[in-house]
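Okay, so here's the structure we're looking at.
The values are calculated or read from the model by the stated rules, or taken from the named source; none is laboratory data. Quick caveat, the model's predicted, so the values are computed rather than measured. Methodologically, a virtual Cβ is constructed for each residue, glycine included, from the backbone with ideal geometry; neighbour enumeration extends over all protein chains shown. Just so you know, the surface numbers come from the protein's heavy atoms only, side chains and all, with ligands and any DNA or RNA stripped out. Shrake-Rupley method; radii C 1.70, N 1.55, O 1.52, S 1.80 Å.
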Amino acid sequence: MLKKFKLRTLVICLMIFFFVNPIHSFANTAYKTFTEDGYGNYVETQTAYTVRDTIVKFGDELFRQASDLKIDKNGLLYVSDTGNKRILVGNKNGELVRIIGEGVLSSPNGIFLSEDDKLYVADEVAAKVFVFSLNGELLAEYGRPDSILFGKTSTFVPEKVAVDRRENIYIISRGNSNGIIQINANSGQFIGYFSPNRTTVTPLTVFRKAIFTDEQLSRMISMVPPNAHNLNIDKRGLVFTVTQGERILSVKKLNMAGLNILDMNVYDPFPSSIDIGSLDNIFVSGENGFIYEYTSEGNLLFVFGGRDDGRQRVGLFSKISAIALDENDNIYALDPEKRQIQVFQPTEFANLVHDALVLYQNGDYRESKEPWQEVIRQNSLFDFANLGLGEAYFKEENYQDALNSFRAAKYKSGYSDAFWENRNIWMRENIINLLYIIIALVILKKVISRFERKYRFWCTFKTRMNDKYNLKLVKDLVFLKNLIRHPIDSFYSIKYENKTSYLSSTILMFVFFILFILEKYYSGFIFRTVEDGEFAIGSDFAFVAVAFLLVIISNYLICTINDGEGKFQHIYSGFIYSFAPYFMIKPFVIVFSNFLTFNEVYLLNFTNFFTYSWVAILIFIMVKEINDYSVKETIKILFLTLFTILIGVLLIFIVYVLISQMLQFFISIFNEGVYRFENR
């Protein structure tokens, strides 16, 4: 009886522990799952999809160089079995249903199932697009268009195909960079080219075209834009394409006009296939074995998978040629090298994210709060959940909680909107008190000014301190304000009246560094360019010091060999003191950036432009006055200084590379010595 009581007590304690303190651990898989944080970085998260099954054949029919995969309304799988010149149709249990295209197809590559239950097959060897019924009957075939608009030299080697509701066929042809070929399925007429990719022209390309001959340009890499690699069409008729080698625009969501309406930060450099889920989520596979899930707007939810190292681990791939989703959003990934289809099913965590996303996309923001909060409770680094929660709070006009959620999500646009609303509320509640404070400060200033004019307390104090201590350094630092009012006279005083010193100039350079640090790390969140917790004070100091010294030394050398009258101290002090507007204005810019939103960003941009333009004018006047140059000579000196700076940067880079290689050489020798010593 006592033993039964102890056993019962132990079971109850274990149940209380696991139910009151739930443990959310990552699934034990061969791959990791990541999501995207607000800065566009990968952050590990709970496993979103696990492998449910693996299909290696349909009946007794094995896959050979399979290149494409589609799933119909009844859940049947259509596999483009390219190596065997056929289309295999099977169910999810791996049973063979039928074979399509034997004796007709030569090299079926891309396939597509239209809404009117037809199978379109792109055959690159036959140079045709074949149309079959789902029972395998050949209905039609489309060859190379004979329209003049198609182009005499344009190639027609169909690789991938898709069809919209209007029965317009979209064909990707190998080597045809004019765009996606459009053919009307009813008439067979060529409609035109749809959404061609564009080449990104870099400054280096423009420079090469300006100086290279036609022969040299012909030997360079072709500037022809890459053709789309794969495509798909969703239920609304929007065309999705993936392109290898285009980087930022590797995944596109095209409207009827062929314009990309997708904004995506994280992408695979070599995408191979694309499909759309039941929630309008976008699924993209990469040739290197990774599978990406995005929202309909391009926000990354999950990325998982990876390349198998030969150990045949479940969930990893040698290569992915196609992915497809069924009605339950299970992912079917086709690996042509392993000759198998791996089936992934969403986990509870992925379903929780999807449930919240459905409510969020349908506008049920209040109902979406609870699932978003549960996602955050399970993974506080899942920034998209914070974004969704922030939107929910914002719709409820709970602007303070929305501000906190947007800040946690690093979502600057939402943070700006919430801050705008919070600021308006604060202004309405405190405008009277704010006016009282301003009036009191104005009155206090006038009283202090009147007392100073009558009793001259401050003037007397400064005179006594100067007579007693002869504060030369303080005078040199205060001389900075003269650059604002009388720049020409101030540079004359620097040159002939010794109004500055090395010490005061160095102190001001250190002040510049402090302001640089404050602007970089402590500006307002929406104007900050660094990530939270990112500090590199040492490299920042080295950058500022090297930049100042490089400019000053380069200008001094150029002025010296061009009969300049300025000494090094004059140029050193004059250059640093030329930043007087920066010292005067920048502190206010840093402070006010914490109270402005994107609606007032033009004020910040104008102030910065005005400040740096003023500094540039003072530097021009400094070079002219200290060296006694004419305007024309000053312009020449400044261009020569810029060229010298460029040479200096190049030399610094070369020295850096040489030192790095030398250190790597010594480290490799040391490691080799340690290895030989341990294995002797």
* To do: Would you please list the contacts, defined by Cβ atoms under 8 Å and residues six or more apart or on different chains, that run from a residue in the range 419-444 that is within 20 Å of L596 (Cα to Cα) to a residue that is surrounded by 11 or more Cβ atoms within 10 Å (Cβ to Cβ) and at pLDDT below 90?
  => M427/L434
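Could you say which residue among K632, K624 is within 30 Å of E497 (Cα to Cα), open to solvent by 100 Å² or more (accessible area, probe 1.4 Å) and at pLDDT below 95? If you could, list the steps in order and put the result at the bottom.
On the way: K624 fails: open to solvent by 100 Å² or more (accessible area, probe 1.4 Å).
Exactly one residue qualifies, and that residue is K632.
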* Hits in the range 57-112 - residues which are farther than 23 Å from Y170 by Cβ, buried (at least 23 other Cβ atoms within 10 Å of the Cβ) and in contact (Cβ under 8 Å) with a residue 60 or more places away in the chain -> F63
* Asked: Can we say S285 is among the small types (G, A, S) and without any contact (Cβ under 8 Å) to a residue 60 or more places away in the chain?
  -> yes
* Report, by residue number, each residue of the range 291-310 that is under 15 Å from V51 (Cβ atoms) and not aliphatic (A, V, I, L, M). => F302, F304, G305, G306, D308
* Restricting attention to the range 501-519, does a residue exist that is touching a Ser or Thr at 6+ places or on another chain (Cβ under 9 Å), of a type outside the set (A, V, I, L, M) and free of Cβ contacts under 8 Å to residues at least 12 places away in the same chain? -> no
* Structure fact -> Filtering the range 258-294 down to residues that are over 22 Å from T29 (Cβ atoms), in contact with a strand residue (DSSP E or B) (Cβ under 6 Å, 6 or more places away or on another chain) and of a type in the set (S, T, Y) yields Y267
* **I645 vs. criteria of a type in the set (A, V, I, L, M, F, W, C), touching a Phe, Trp or Tyr at 6+ places or on another chain (Cβ under 7 Å) and in contact (Cβ under 8 Å) with a residue 40 or more places away in the chain** => no
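May I ask you to list the residues in the range 511-548 that are part of a helix (DSSP H, G or I) and loosely packed, with under 14 Cβ neighbours inside 10 Å? Walk me through it before giving the result.
Taking the range 511-548 and keeping what is part of a helix (DSSP H, G or I), we get 511-522, 525-527, 537-548.
Hits for the range 511-548 are I514, Y522, I537, G538, S539, A542, F543, A545, V546, A547.
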* If you go through the range 321-337 one residue at a time, do you hit one that is surrounded by fewer than 23 Cβ atoms within 10 Å (Cβ to Cβ), over 25 Å from V251 (Cα atoms) and of a type in the set (D, E, K, R)? -> no
* **Residue that is most open to solvent (accessible area, probe 1.4 Å) [pool: residues in the range 476-510 that are farther than 17 Å from Q569 by Cα and charged (D, E, K, R)]** => R485
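What's the total number of residues in the range 264-280 that are assigned to a loop (DSSP other than H, G, I, E, B), without any contact (Cβ under 8 Å) to a residue 60 or more places away in the chain and not hydrophobic (A, V, I, L, M, F, W, C)? I'd like the intermediate steps shown before the answer.
Here is the first cut: in the range 264-280, the ones assigned to a loop (DSSP other than H, G, I, E, B) are 264-270, 277-280.
In the following step, the residues that additionally are without any contact (Cβ under 8 Å) to a residue 60 or more places away in the chain were identified as 264, 267-270, 277-278.
Restricting the remaining residues to those that are not hydrophobic (A, V, I, L, M, F, W, C) gives 267-269, 277-278.
Summing the residues that are assigned to a loop (DSSP other than H, G, I, E, B), without any contact (Cβ under 8 Å) to a residue 60 or more places away in the chain and not hydrophobic (A, V, I, L, M, F, W, C) in the range 264-280 gives 5.
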* To do: Being touching a Ser or Thr at 6+ places or on another chain (Cβ under 8 Å), modelled with pLDDT of 90 or more and not polar (S, T, N, Q) is the filter here, so list the residues in the range 232-252 that pass it.
  => V239, V242, V251, K252
* **Residues located in the range 324-343, provided they are under 19 Å from K57 (Cβ atoms) and either of a type in the set (A, V, I, L, M, F, W, C) or part of a strand (DSSP E or B) (or both)** => A324, Y332, A333, L334, D335, Q340, I341, Q342, V343
* **Residue pairs meeting the criteria (Cβ under 8 Å; at least 6 apart or on separate chains; first at positive phi, in the range 368-397; second of a type in the set (F, W, Y) and modelled with pLDDT of 95 or more)** => none
* Asked: If you take the residues of the range 667-680 that are surrounded by 10 or more Cβ atoms within 10 Å (Cβ to Cβ) and either of a type in the set (F, W, Y) or not in a helix (DSSP H, G or I) (or both), which of them is farthest from the chain's Cα centre (by Cα)?
  -> Y675
* Specify the residue that is surrounded by the fewest Cβ atoms within 10 Å (Cβ to Cβ); the eligible residues are those in the range 255-297 that are modelled with pLDDT of 90 or more and on the phi > 0 side of the Ramachandran plot. => D280
* To do: Check G286 against each of (1) among the small types (G, A, S); (2) within 17 Å of A350 (Cβ to Cβ); (3) under 21 Å from the mean Cα position of the chain (by Cα) and name the one condition it does not meet.
  => (2)
* Yes/no for N379 being modelled with pLDDT under 95, open to solvent by 30 Å² or more (accessible area, probe 1.4 Å) and within 28 Å of Y332 (Cβ to Cβ) -> no
* Would it be correct to say that Q345 is surrounded by fewer than 18 Cβ atoms within 10 Å (Cβ to Cβ) and modelled with pLDDT of 95 or more? -> yes
* To do: Considering every residue within the range 357-368, establish whether at least one is surrounded by 18 or more Cβ atoms within 10 Å (Cβ to Cβ), modelled with pLDDT of 90 or more and in contact with a Lys or Arg (Cβ under 8 Å, 6 or more places away or on another chain).
  => no
* Structure fact -> Among the residues of the range 600-619, the number that are open to solvent by less than 40 Å² (accessible area, probe 1.4 Å), within 26 Å of the chain's Cα centre (by Cα) and hydrophobic (A, V, I, L, M, F, W, C) is 1
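From the list F609, F525, exactly one residue is aromatic (F, W, Y) and at pLDDT 95 or above. Which is it? Walk me through how you get there before you give the answer.
Working: F525 fails: at pLDDT 95 or above.
The match here is F609.
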* Asked: What is the one condition in (1) in contact with a Phe, Trp or Tyr (Cβ under 6 Å, 6 or more places away or on another chain); (2) farther than 30 Å from L301 by Cβ; (3) not hydrophobic (A, V, I, L, M, F, W, C) that Y436 does not satisfy?
  -> (1)
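Criterion first (among the hydrophobic types (A, V, I, L, M, F, W, C), touching a residue at least 60 places away in the same chain (Cβ under 8 Å), open to solvent by 80 Å² or more (accessible area, probe 1.4 Å) and in a helix (DSSP H, G or I)) does I652 satisfy it? Spell out the reasoning first.
On the way: among the hydrophobic types (A, V, I, L, M, F, W, C): yes; touching a residue at least 60 places away in the same chain (Cβ under 8 Å): yes; open to solvent by 80 Å² or more (accessible area, probe 1.4 Å): yes; in a helix (DSSP H, G or I): yes.
Yes; evaluated as a whole, the condition is true for this residue.
In the range 190-212, what count of residues is obtained for those that are out of contact with any strand residue (DSSP E or B) (no Cβ under 7 Å at 6 or more places or on another chain) and either modelled with pLDDT of 90 or more or open to solvent by less than 30 Å² (accessible area, probe 1.4 Å) (or both)?
We begin by selecting, within the range 190-212, every residue out of contact with any strand residue (DSSP E or B) (no Cβ under 7 Å at 6 or more places or on another chain); these are 196-212.
Filter again for either modelled with pLDDT of 90 or more or open to solvent by less than 30 Å² (accessible area, probe 1.4 Å) (or both), leaving 197, 205.
So the answer is 2.
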